[in-house]
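The values are calculated or read from the model by the stated rules, or taken from the named source; none is laboratory data. Since the model is a prediction, treat every value here as computed from it, not as a measurement. Cβ coordinates were reconstructed from backbone atoms using ideal geometry, including for glycine residues, and neighbour counts include every protein chain displayed.
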Amino acid sequence: MRTLNAAVNTFDKRSHINREIYGHFSEHLGRCIYDGIFVGENSPIQNTNGVRNDIIEAFRQIKMPVLRWPGGCFADEYHWRDGIGEKAGRKKMVNTHWGGVTEDNSFGTNEFFNMCEVIGCEPYLCGNVGSGTVEELADWIEYITFDGISPMADLRRKNGREKPWKLKYLGIGNENWGCGGNMRPEYYADLYRRFQTYCRNFSGNELYKIAGGPNVDDYHWTDVLMSIINDSHAKAISLHYYTIPSGDFWNKGSATKFSDEEYYKTIAQALRIDRLIEKHSAIMKKYSDNMKLVVDEWGCWFNVEEGTNPGFLFQQNTMRDAIVAAVSLNIFNQRSDIVSMANLAQAVNVLQCLVMTEGDKLLKTPTYHVFDMFSTHQDAELLYSYTDNTETNGIPAVSQSVSMDKDGKITMTFANASLGEDFEVDCAIVGTAPKKAEARILTGDVRAFNDFTSPEKLVPTEHKADITDKGVKFTLPKCSVVSILLS
């Protein structure tokens, strides 16, 4: 077993890791909302106001900081007034983007905001620019946040909510270069300026406005958008990037049946997000020193599982997904000077999800466990860290990030993407000398996954990490994710 030397400097604090980097996304897509998060108040499945209690508890455990809703592509065809008031009177619509199924709007604004309160997470609202109006979005903000006497506040009270909710994060449109309107960047930027003008700060609520940014490597979109909007219009722009091993959107490959070569291509594609962040942020800095990047859709996207609705985007979640999640989160931590939020796609039963449901059963995916292991990075300070590295099939084998919280506890997270080599990591720590190490590991066959017959095939277990005179030493087995909490 080879030894890799590593180092951490606790005196060298680089940037703040916003807890929202560990955010999530819930779209009206497939079984994410219905038959997933929301089962209705009359369901025999234990629920709080129609939201499954086991999902609430699962989200609380990972300290879910923020949840994006109602889309995605769905957001730009969603009209919020259809989803308020008595359930029996709510207007039905066709979900044209995702399977052509009927959307009955039984999960709407009140249900979403009440759920976020119960979970303890920030709501992130994505407003309709593609098919909506300025007045419609302005009224929605007033309905949610205004504490005085007004038509929208009175409507909220009529619907059973006296006090306004808090809304911090507001995305104005989604993928407006594509499903959100097929717009040119010049047109969207002008439209954004108009829409955001009427999104007011009511009753002490302050909006963090997010403009619809580029698709993957569309640097022209970023440049044009940033040349037209400024710090007074937006706090951040969004970036969407999905890990697709084949690079072919129409033939993405299987989630569970893949070769070693396809695996390494997947990790290489996941690592690409680092370069995208670097290049987009360089363009942004030409125009602003303050605006941030929000990666509000990211994760693995494979072909749907055989026999499932192709519009529901259901895929299995293997140890490969766990490695992708770990390397991505390490990158977001390392780039936390520019990345203020990230949102995995999606929370339940869709794409690289956290949890899956089947009737009254719930299972946690390997990706969920990575978020659990990394949760102590939230709101900590990124520390300088370094690891000797080696290439495996053309990619760096090891990724890492290290942070220190307000109480001086250090979180170290490592991922070994190699399928063939274990490492021993000998990490020197400059500054605060740790006295205690608590480590966990998630590892297993790269194609293994949790299902309802074996829901705990891949779960974190205790791992050995030794305090040394220099710092800490531990093994990093092949295809593994390790988290260490030092105190």
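Do we have any residue at all in the range 284-291 that's without any contact (Cβ under 8 Å) to a residue 12 or more places away in the chain, more than 22 Å from residue 364 (Cα to Cα), assigned by TED's automatic domain parsing to the domain that holds residue 67 and outside any helix (DSSP H, G or I)? Give the derivation first.
From the range 284-291, those without any contact (Cβ under 8 Å) to a residue 12 or more places away in the chain are 285, 289; that's our starting set.
Narrowing further to those that are more than 22 Å from residue 364 (Cα to Cα): 285, 289.
Now drop any that are not assigned by TED's automatic domain parsing to the domain that holds residue 67, which leaves 285, 289.
Then drop every residue that is not outside any helix (DSSP H, G or I), which leaves 289.
For the range 284-291, residues without any contact (Cβ under 8 Å) to a residue 12 or more places away in the chain, more than 22 Å from residue 364 (Cα to Cα), assigned by TED's automatic domain parsing to the domain that holds residue 67 and outside any helix (DSSP H, G or I): present.
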(request) Kindly provide the set of residues from the range 164-208 that are under 17 Å from residue 130 (Cβ atoms) and among the basic types (Lys, Arg), ordered by number. (result) 184, 193, 194
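Could you tell me whether residue 336 is assigned to a helix (DSSP H, G or I), at pLDDT 95 or above and buried (at least 18 other Cβ atoms within 10 Å of the Cβ)?
On the way: assigned to a helix (DSSP H, G or I): no; at pLDDT 95 or above: yes; buried (at least 18 other Cβ atoms within 10 Å of the Cβ): yes.
For residue 336, the condition - assigned to a helix (DSSP H, G or I), at pLDDT 95 or above and buried (at least 18 other Cβ atoms within 10 Å of the Cβ) - is not met.
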(message) Where the second residue is assigned to a helix (DSSP H, G or I) and basic (Lys, Arg) and the first is free of Cβ contacts under 8 Å to residues at least 60 places away in the same chain and surrounded by 19 or more Cβ atoms within 10 Å (Cβ to Cβ) and lies in the range 264-277, which pairs have Cβ atoms under 7 Å and are six or more apart or on separate chains?
(response) 266/320
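Hey, could you check the range 167-221 for residues that are in a loop (DSSP other than H, G, I, E, B) and of a type in the set (A, V, I, L, M, F, W, C) and say which is surrounded by the most Cβ atoms within 10 Å (Cβ to Cβ)?
Looking only at the range 167-221, we keep the residues that are in a loop (DSSP other than H, G, I, E, B), and these are 167-168, 173-184, 198-207, 212-214, 216-218.
After this cut, where a residue has to be of a type in the set (A, V, I, L, M, F, W, C) as well, the list is 167, 177, 179, 183, 199, 202, 207, 216.
On the way: 167: 23, 177: 20, 179: 18, 183: 21, 199: 21, 202: 20, 207: 19, 216: 14.
Checked the range 167-221; the qualifying residue surrounded by the most Cβ atoms within 10 Å (Cβ to Cβ) is 167.
Could you tell me whether residue 407 is surrounded by fewer than 24 Cβ atoms within 10 Å (Cβ to Cβ), within 15 Å of residue 439 (Cα to Cα) and either at pLDDT 95 or above or among the acidic types (Asp, Glu) (or both)? I'd like the intermediate steps shown before the answer.
Working: surrounded by fewer than 24 Cβ atoms within 10 Å (Cβ to Cβ): yes; within 15 Å of residue 439 (Cα to Cα): no; either at pLDDT 95 or above or among the acidic types (Asp, Glu) (or both): yes.
Taking the combined requirement at face value, the residue does not satisfy it.
Given the condition assigned by TED's automatic domain parsing to the domain that holds residue 270, of a type in the set (Gly, Ala, Ser) and free of Cβ contacts under 8 Å to residues at least 12 places away in the same chain, answer yes or no: does some residue in the range 329-342 qualify? Let's see the steps before the verdict.
Restricting attention to the range 329-342, the residues satisfying the condition of being assigned by TED's automatic domain parsing to the domain that holds residue 270 are 329-342.
Next, from what is left, pick out any that are of a type in the set (Gly, Ala, Ser): 336, 340, 342.
Adding the requirement that they be free of Cβ contacts under 8 Å to residues at least 12 places away in the same chain leaves none.
No, the conditions are met nowhere in the range 329-342.
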(request) Report yes if some residue within the range 437-444 is at pLDDT 95 or above, assigned to a loop (DSSP other than H, G, I, E, B) and not small (Gly, Ala, Ser); otherwise report no. (result) no
(message) List pairs: first residue in the range 380-407 and part of a strand (DSSP E or B), second residue of a type in the set (D, E, K, R) and surrounded by 21 or more Cβ atoms within 10 Å (Cβ to Cβ) anywhere in the structure, Cβ distance under 8 angstrom, at least six positions apart or on different chains.
(response) none
(message) Anything in the range 85-96 that is in contact (Cβ under 8 Å) with a residue 12 or more places away in the chain and either touching a His at 6+ places or on another chain (Cβ under 9 Å) or in a helix (DSSP H, G or I) (or both)? List them, or say none.
(response) 87, 91, 93, 95
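Just to be sure, is residue 164 assigned to a strand (DSSP E or B) and not acidic (Asp, Glu)? Show your work before the answer.
Details: assigned to a strand (DSSP E or B): no; not acidic (Asp, Glu): yes.
Answer is no for this residue.
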(message) List the residue pairs whose Cβ atoms are under 6 Å apart, where the first residue sits in the range 461-474 and is surrounded by 10 or more Cβ atoms within 10 Å (Cβ to Cβ), the second is of a type in the set (Asp, Glu) and modelled with pLDDT of 95 or more, and the two are 6 or more positions apart or on different chains.
(response) 473/426; 473/466
(message) Within the range 410-436, take every residue that is assigned to a loop (DSSP other than H, G, I, E, B) and aliphatic (A, V, I, L, M) and give me the one that is surrounded by the most Cβ atoms within 10 Å (Cβ to Cβ).
(response) 417
(message) Checking the structure you have, find out if any residue of the range 321-329 is part of a strand (DSSP E or B), in contact with a Leu (Cβ under 9 Å, 6 or more places away or on another chain) and small (Gly, Ala, Ser).
(response) no
(message) For the range 53-84, give me each residue that is closer than 13 Å to residue 112 by Cβ, hydrophobic (A, V, I, L, M, F, W, C) and part of a loop (DSSP other than H, G, I, E, B).
(response) 84
(request) Could you tell me which of the residues 339, 327, 294 is within 16 Å of residue 395 (Cα to Cα), in contact with a strand residue (DSSP E or B) (Cβ under 7 Å, 6 or more places away or on another chain) and not aromatic (Phe, Trp, Tyr)? (result) 327
(request) Could you list, in sequence order, all residues of the range 8-47 that are buried (at least 21 other Cβ atoms within 10 Å of the Cβ) and of a type in the set (Asp, Glu)? (result) 20, 27
(request) Go through the range 427-468 and count every residue that is within 20 Å of residue 401 (Cα to Cα) and touching a helix residue (DSSP H, G or I) at 6+ places or on another chain (Cβ under 7 Å). (result) 3
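Yes/no matrix, rows are residues, columns are (1) in the same structural domain as residue 310 (by TED's automatic domain parsing); (2) under 21 Å from the mean Cα position of the chain (by Cα); (3) in contact (Cβ under 8 Å) with a residue 60 or more places away in the chain:
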site: 6; (1), (2), (3): no, no, yes
site: 25; (1), (2), (3): yes, yes, yes
site: 31; (1), (2), (3): yes, yes, yes
site: 36; (1), (2), (3): yes, yes, yes
site: 44; (1), (2), (3): yes, no, yes
site: 47; (1), (2), (3): yes, no, no
site: 50; (1), (2), (3): yes, no, yes
site: 56; (1), (2), (3): yes, yes, yes
site: 59; (1), (2), (3): yes, yes, yes
